[in-house]
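Written out below as structure tokens is the structure these notes cover.
The values are calculated or read from the model by the stated rules, or taken from the named source; none is laboratory data. Everything quoted here is computed from the prediction, not taken from an experiment. With ideal geometry, Cβ positions are generated from the backbone for all residues, glycine too; neighbour counts draw on all protein chains shown.
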Amino acid sequence: MSIEPLYNKNQTVVTNSEIIKQKLNEIRITEEILLEAVMAGLLGRLNSTNFDTKNRPGYIQWNDTNSKLRFLTHNKGWDVYQEEGIEGIISYDKKIRIIPSSGNAATGNPNQPASNKNPKGERGIKVMEPSSQGNLFTGYPEAEEEHIKTYVLLYYSNNDELRAELSEPNSINTNGKITSWKERLILQKQLLNNTEIEIEKTIDEEIDIPVIRKRIEG
């Protein structure tokens, strides 16, 4: 059985702060907003206790990242994006969307193959790779291909630092894992001063609701 690599040698990885600033300016967002959003998510996670349900910390981090991102951008050319369990923001002209997602330990590391930590469901796969519409899943009707550029705001933290990147997916496999990127914008890492954070114990941190459409027979 072959395993698809999570690394694309031809991808563009950007670490220069001035180039990142320019690229983010082109889509009307700033590094400060993105970092404030992922930090808000992490702080929300830290409010969890040992009495909370198993998946609450990861869910709260994802929820609070989305919430802060929406709050900071709602009057800056962005609307709330919610569709079939996929959450994020979308530009007023409906040409760009940003989807926050927990990332693997390579997130924010330009020398390692970053990917989403938790697999995406059917809708998530279609959002990350629009060309897959209509041919991956039985029961989906033919639909007009979306012309929305999708960026994923990946975040990852350990006891020492919070890392994040805004990256454009190139392909995603049928298991819902992003396998390559068109471009990765590596954001400035945030040091956490040895704050005690347990990151690897929870799974299924994000909601991606599977939607099964009925075939219309006539």
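Points worth noting:
- Selected residue (only one of Glu18, Glu31, Glu83, Glu87 is free of Cβ contacts under 8 Å to residues at least 40 places away in the same chain and at negative phi): Glu18
Yes or no, residue by residue, for (1) crowded, with 16+ Cβ neighbours inside 10 Å; (2) of a type in the set (S, T, N, Q); (3) touching a Cys at 6+ places or on another chain (Cβ under 7 Å); (4) farther than 17 Å from Lys117 by Cα:
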| site | (1), (2), (3), (4) |
| --- | --- |
| Ile148 | no, no, no, yes |
| Tyr151 | yes, no, no, no |
| Leu154 | yes, no, no, no |
| Asn159 | no, yes, no, yes |
| Ala164 | yes, no, no, no |
| Pro169 | yes, no, no, no |
| Ser180 | yes, yes, no, no |
| Leu185 | yes, no, no, yes |
| Gln188 | no, yes, no, yes |
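- Evaluated against (1) exposed (fewer than 15 other Cβ atoms within 10 Å of the Cβ); (2) among the aromatic types (Phe, Trp, Tyr); (3) within 17 Å of the chain's Cα centre (by Cα), Tyr59 falls short on exactly one condition, (1).
- Filtering Glu26, Glu4 for residues that are surrounded by fewer than 18 Cβ atoms within 10 Å (Cβ to Cβ), closer than 23 Å to Ala114 by Cβ, among the charged types (D, E, K, R) and modelled with pLDDT of 95 or more leaves a single hit, Glu26.
- Output for segment 62-77, where each listed residue is buried (at least 21 other Cβ atoms within 10 Å of the Cβ) and either closer than 16 Å to Leu24 by Cα or among the hydrophobic types (A, V, I, L, M, F, W, C) (or both): Trp62, Leu69, Thr73
- When Val80 is tested against (1) modelled with pLDDT under 95; (2) over 21 Å from Glu165 (Cβ atoms); (3) surrounded by 12 or more Cβ atoms within 10 Å (Cβ to Cβ); (4) of a type outside the set (D, E, K, R), just one condition goes unmet, and that condition is (1).
To keep it simple, each residue is scored yes or no on (1) under 23 Å from Gly121 (Cα atoms); (2) more than 17 Å from the chain's Cα centre (by Cα).
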{"site": "Val13", "(1), (2)": "no, no"}
{"site": "Leu34", "(1), (2)": "no, no"}
{"site": "Ser48", "(1), (2)": "no, yes"}
{"site": "Asn63", "(1), (2)": "yes, no"}
{"site": "Ser67", "(1), (2)": "yes, no"}
{"site": "His74", "(1), (2)": "no, yes"}
{"site": "Val80", "(1), (2)": "yes, no"}
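- Among residues of segment 57-80 that are without any contact (Cβ under 8 Å) to a residue 40 or more places away in the chain and aromatic (Phe, Trp, Tyr), none has a beta-carbon under 8 Å from a residue that is buried (at least 19 other Cβ atoms within 10 Å of the Cβ) and not in a helix (DSSP H, G or I) at least six positions away or on a different chain.
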